[in-house]
Amino acid sequence: MVAAGLTISALGVRRAGAGRRVRAWASAATSVVIAGSFAWVLYGIPALPPAGGPALALPAPNFVLTASDGRTLRLADFRGAPLLLVFYRGHW
């Protein structure tokens with residue numbers, strides 16, 4: 001969409017008559033500024049700060065969680081059995 005807007009602005013400058021060139025260039029410059037700002041927001045500002053964590057390929061540290069039924073679950077209890085851990089990263 002951004003590329004299409006910039007292309008249309010360039011075509012507008014090219015097709016503008018002698019009396020309308022200033023407006024066409026102003027419109028094209030505005031489009032370039034908006035597109036640059038949009039790209040800066042998408043790629044220049046990190047959404048979340050980098051978070052540290054355990055190193056890759058190392059065993060997970062043991063931790064304890066309380067299940068919804070009140071049982072205490074430890075990661076060590078599942079050692080040797082297949083286990084899938086799902087971590088949700090979000091803001092709640």
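Given the criteria surrounded by 11 or more Cβ atoms within 10 Å (Cβ to Cβ), in contact with a strand residue (DSSP E or B) (Cβ under 6 Å, 6 or more places away or on another chain) and closer than 30 Å to Arg89 by Cβ, does Leu65 qualify? Give the derivation first.
Values: surrounded by 11 or more Cβ atoms within 10 Å (Cβ to Cβ): no; in contact with a strand residue (DSSP E or B) (Cβ under 6 Å, 6 or more places away or on another chain): yes; closer than 30 Å to Arg89 by Cβ: yes.
Judged against the criteria, Leu65 is not a match.
Do the conditions hold for Leu6, that is, is it among the hydrophobic types (A, V, I, L, M, F, W, C), under 23 Å from Leu85 (Cβ atoms) and without any contact (Cβ under 8 Å) to a residue 40 or more places away in the chain? Outline the logic, then answer.
Numbers: among the hydrophobic types (A, V, I, L, M, F, W, C): yes; under 23 Å from Leu85 (Cβ atoms): no; without any contact (Cβ under 8 Å) to a residue 40 or more places away in the chain: yes.
Judged against the criteria, Leu6 is not a match.
Hey, among Val41, Val32, Val22, Val13, which residue is touching a Phe, Trp or Tyr at 6+ places or on another chain (Cβ under 8 Å) and at pLDDT 80 or above? Break it down into steps so the answer makes sense when it comes.
On the way: Val41 fails: touching a Phe, Trp or Tyr at 6+ places or on another chain (Cβ under 8 Å); Val32 fails: touching a Phe, Trp or Tyr at 6+ places or on another chain (Cβ under 8 Å); Val22 fails: touching a Phe, Trp or Tyr at 6+ places or on another chain (Cβ under 8 Å).
Criteria check complete, one pass: Val13.
Give me the residue from region 22-76 that is assigned to a helix (DSSP H, G or I) and of a type in the set (Ser, Thr, Tyr) and, out of that set, nearest to the chain's Cα centre (by Cα).
At the first step, the residues of region 22-76 found to be assigned to a helix (DSSP H, G or I) are 22-44, 75-76.
With of a type in the set (Ser, Thr, Tyr) added as a condition, the list becomes 27, 30-31, 37, 43.
Values: Ser27: 29, Thr30: 25, Ser31: 23, Ser37: 15, Tyr43: 8 Å.
The extreme case among them is Tyr43.
Taking the conditions exactly as written (in a helix (DSSP H, G or I) and either without any contact (Cβ under 8 Å) to a residue 24 or more places away in the chain or surrounded by 10 or more Cβ atoms within 10 Å (Cβ to Cβ) (or both)), does Tyr88 satisfy them or not? Lay out the reasoning, then the answer.
Details: in a helix (DSSP H, G or I): no; either without any contact (Cβ under 8 Å) to a residue 24 or more places away in the chain or surrounded by 10 or more Cβ atoms within 10 Å (Cβ to Cβ) (or both): yes.
Judged against the criteria, Tyr88 is not a match.
The values are calculated or read from the model by the stated rules, or taken from the named source; none is laboratory data. What you are looking at is a predicted structure, and each value in this text was computed from that prediction instead of being measured. Note: ideal-geometry Cβ built from the backbone for every residue, glycine included; neighbour counts use all protein chains shown.
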